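The values are calculated or read from the model by the stated rules, or taken from the named source; none is laboratory data. These numbers were taken from a predicted model, which means no experiment stands behind them. Cβ sites come from the backbone with ideal geometry, for glycine too, and all protein chains shown count toward neighbours.
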């Protein structure tokens with residue numbers, strides 16, 4: 001039994017996707033019956049103040065009977081995101097020059113931001 005259990009855990013085919021602090025592992029594994037299934041593991045590295053680190057992992061098991069529906073849902077969600085927001089990454093973490101709306105100098109309609117309006121005082125008016 002122990003020998004068979006080791007074979008069940010053996011990776012048949014693997015791919016790794018590194019994405020910043022996250023790493024995604026795509027692994028084809030074998031069931032006890034000899035069929036294949038997919039595991040997707042997200043591993044995220046966390047660093048402590050003392051320099052030591054640890055990883056948090058989340059795993060999804062995906063079986064063949066769910067492949068088509070899973071693929072359709074993922075494609076639909078990705079298409080929705082691309083159609084709504086485009087392919088440009090909008091994130092403080094990924095873009096050094098990213099400004100939050102309230103930090104922007106001007107609003108979308110070209111007017112000064114609320115913080116600029118109250119400082120626009122002419123001393124001749126006092």
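So here's what we get for this one:
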quantity: Residues located in the stretch 6-23, provided they are surrounded by 10 or more Cβ atoms within 10 Å (Cβ to Cβ) and at pLDDT below 55; calculated: 7, 8
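Yes/no per residue for (1) in a helix (DSSP H, G or I); (2) at pLDDT 95 or above; (3) closer than 21 Å to residue 19 by Cα:
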{"site": "38", "(1), (2), (3)": "no, yes, yes"}
{"site": "61", "(1), (2), (3)": "no, yes, yes"}
{"site": "66", "(1), (2), (3)": "yes, yes, no"}
{"site": "70", "(1), (2), (3)": "yes, yes, no"}
{"site": "83", "(1), (2), (3)": "yes, yes, no"}
{"site": "99", "(1), (2), (3)": "no, no, no"}
